[in-house]
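Novice: Before I ask anything, here is the structure I am working with.
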Amino acid sequence: METADYKRIRELMVETQLIPRGIKDVRVLNAMRKVPRHLFVPEYIRHSAYDDMALPIGEDQTISQPYMVAIMTELLELKGDESVLEIGTGSGYQAAVLAELAGEVYTIERIPELADRAQRKLEEIGYDNVHVVVSDGTKGLEESAPFDRIIITAAAPKLPEPLINQLKEGGIVVAPVGERFSQMLIKGRKEKGVLVEEYHTACVFVPLVGEYGWKG
Ligand code: SAM
């Protein structure tokens, strides 16, 4: 299924969309070169899979723009053996990128149809270190906590308290936080039990809907 053409298009994506915008982590760039993004988008838009934009994946949800996946992943500072929690499985693409760079990836999706599709796709490609869970991710995943890293790939009105509690000391959380239609990408590091936050780029994500997110 993987052709030389897709490899070449991914290299182009890395060289024209990621490196010029400042993505430097070689492990992240290599994961973006490797993961077959075209397999995570609906067939009718496969030709646009590597375009510089978010794309629809059904159920009114989106797969994030490649640059957004890359910057969020880079901010997580993954070294290889971390336990990562992702909120918002969507297509499963971000989870696949994380699976290339971390130890175990737990990913939560609230829409069962998307979770099923993502799980099947991830299994088909061979990612056996990704665990897909259907639930309200704003409550985290107590049974597998604490996590070294947490990434929220939907727009949160504020960082959900349960997620901060499930982050290890020294751990990093990355999330788009702000208004419903415009957010800032925030990176928080837990230091002595308190989250020390940095603000990165402006962004627009679909809403995080749940008990500690937006009301549906
Ligand atoms: N990471 C995804 C990918 O690689 O395709 C893109 C995520 S999409 C921008 C946001 C996803 O978050 C949607 O699939 C949406 O259903 C999901 N979502 C929203 N609120 C959620 C919640 N409380 N718990 C779990 N998933 C949620």
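The values are calculated or read from the model by the stated rules, or taken from the named source; none is laboratory data. Please read all numbers here as calculations on a predicted model, not as lab measurements. Ideal geometry is used to build each Cβ from the backbone, glycine not excepted, and the neighbour counts take in all protein chains shown. With ligands, DNA and RNA removed, areas are computed over all heavy atoms of the protein, side chains included. Shrake-Rupley method; radii C 1.70, N 1.55, O 1.52, S 1.80 Å.
Novice: Considering only residues that are in a helix (DSSP H, G or I), of a type outside the set (Lys, Arg) and more than 8 Å from the ligand (Cβ to nearest atom), which ones fall in segment 118-156?
Specialist: Selection gives Gln119, Leu122, Glu123, Glu124, Ile125, Glu142, Glu143, Ser144.
Novice: With the requirement that a residue be among the hydrophobic types (A, V, I, L, M, F, W, C) and either in a loop (DSSP other than H, G, I, E, B) or open to solvent by less than 60 Å² (accessible area, probe 1.4 Å) (or both), what does segment 1-28 give you?
Specialist: Scanning segment 1-28 gives Met1, Met13, Val14, Leu18, Ile19, Ile23, Val28.
Novice: Return yes or no: is Arg110 under 15 Å from the mean Cα position of the chain (by Cα) and either free of Cβ contacts under 8 Å to residues at least 12 places away in the same chain or more than 21 Å from Gly22 (Cα to Cα) (or both)? Talk me through it step by step, then tell me what you get.
Specialist: Values: under 15 Å from the mean Cα position of the chain (by Cα): yes; either free of Cβ contacts under 8 Å to residues at least 12 places away in the same chain or more than 21 Å from Gly22 (Cα to Cα) (or both): yes.
Yes: the conditions hold for Arg110.
Conditions tested, residue by residue: (1) open to solvent by 20 Å² or more (accessible area, probe 1.4 Å); (2) more than 13 Å from the ligand (Cβ to nearest atom).
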position	(1), (2)
Asn30	yes, yes
Arg33	yes, yes
Arg37	no, no
Glu43	yes, yes
Gly58	yes, no
Gln61	yes, no
Thr89	no, no
Asp116	yes, no
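Conditions tested, residue by residue: (1) closer than 17 Å to Glu77 by Cα; (2) within 16 Å of the ligand (Cβ to nearest atom).
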{"site": "Lys158", "(1), (2)": "no, yes"}
{"site": "Gly178", "(1), (2)": "no, yes"}
{"site": "Lys190", "(1), (2)": "yes, no"}
{"site": "Gly193", "(1), (2)": "no, no"}
{"site": "Glu198", "(1), (2)": "yes, no"}
{"site": "Val204", "(1), (2)": "no, yes"}
{"site": "Lys215", "(1), (2)": "no, yes"}
